[in-house]
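S.K.: I have a structure I would like to understand better, so I am pasting it below and will then ask my questions one at a time.
Every number here is computed from the coordinates shown, using simple stated rules; none is lab data. Predicted, not measured: the structure shown is a model, and the values here were computed from it. Neighbour counts run over all protein chains shown; Cβ positions are idealised from the backbone, glycine included.
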Amino acid sequence: MAYDKENIFAKILRGEIPCDKIYEDDYVLSFRDIRPQAPSHALIIPKGEYVDINDFSANASDHEIVGFNKAISKVADMLGISESSGGGGYRLIANAGKDAHQEVPHLHFHLLAGRPLGPMVFREKQEYK
Ligand code: AMP
């Protein structure tokens, strides 16, 4: 899929619409999700134009990949959600494509925390015989 420069996160990166910023450096921007799914719900996005994690891991530079990954622990520690910063831990989610229900076509990691988060994915009830 070609990158859509008019997606909402591209507009946030260009400063055209506001965000509740948590952290920013040369490689990433992190801000709070507008519809939080947990008491703490942060998003981390790369500054480069990547549709999803598949695009990013195939095409981003080593500097971008390292910068993006290092931002995860920075944000988790800043929010106090990592166990090493006294929190209860967090879940990191990256939706890629339609089956994963990706809504915004600019790579983003969700950091969810602040309560027990339950099973990793929805499962149909199963019968074991
Ligand atoms: P996904 O389904 O993984 O693409 O998630 C997109 C996320 O972006 C959702 O959790 C939305 O609540 C969030 N979102 C959409 N618009 C904004 C915005 N303007 N500021 C912050 N988060 C947003």
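S.K.: For every other residue with a beta carbon closer than 15 angstrom to the beta carbon of His108, add +1 if it is Lys or Arg and -1 if Asp or Glu, then tell me the sum.
M.R.: Working: positive: Lys11, Lys21, Arg32, Arg35, Lys47, Arg91; negative: Asp4, Asp20, Glu24, Asp33, Glu49, Asp52, Asp55, Glu64, Glu103.
Result for the neighbourhood of His108: -3.
S.K.: Subtract the Cα-Cα distance of Lys98 and Lys47 from 0.36 nm times their separation in residues, and report this length gain in nm to one decimal.
M.R.: This chain segment gains 16.1 nm when fully extended.
S.K.: Next question. Give the Rg (one decimal place) followed by the Dmax (whole number) of the range 1-67, computed from C-alpha coordinates and expressed in Å.
M.R.: Just the Cα atoms of the range 1-67 yield Rg and Dmax of 12.4, 34 Å.
S.K.: Pairs of lysines 8 or more apart, or on different chains, with alpha carbons under 26 Å: count those in the chain, would you?
M.R.: Pairs that pass both the separation and distance tests number 16.
S.K.: Quick one: Karplus J couplings for the range 46-62, per residue in order, coefficients 6.51, -1.76, 1.60, θ = phi - 60°, nearest Hz, x for Gly and Pro?
M.R.: 3J(HN,Hα) across the range 46-62, in whole Hz: x, 6, x, 8, 10, 5, 7, 5, 5, 4, 5, 5, 7, 10, 6, 6, 4.
S.K.: Select from Leu107, Pro39, Asn95 the residue farthest towards the positive end of the dipole of the chain; place +1 on Cβ of Lys and Arg, -1 on Cβ of Asp and Glu, and compute about the Cα centre.
M.R.: Pro39
S.K.: Show me the three semi-axes of the equivalent ellipsoid for the chain, from the C-alpha gyration tensor (sqrt of 5 times each eigenvalue), largest first, rounded to whole Å.
M.R.: Output for the chain: semi-axes of 25, 20, 14 Å.
S.K.: A further question follows. Based on Cβ point charges of +1 for Lys and Arg and -1 for Asp and Glu, what charge dipole magnitude is obtained for the range 24-89 about its Cα centre, in debye rounded to the nearest 20?
M.R.: 280 debye
S.K.: Using the crude model of +1 on Lys and Arg Cβ and -1 on Asp and Glu Cβ, and no other charge, please compute the dipole size for the chain relative to its Cα centre, in debye to 20.
M.R.: 500 debye
S.K.: With label points built 7 Å along Cα→Cβ from the Cα atoms of Lys74 and Asn59, find their separation and express it in nm.
M.R.: Once both label points are built, they end up 2.4 nm from each other.
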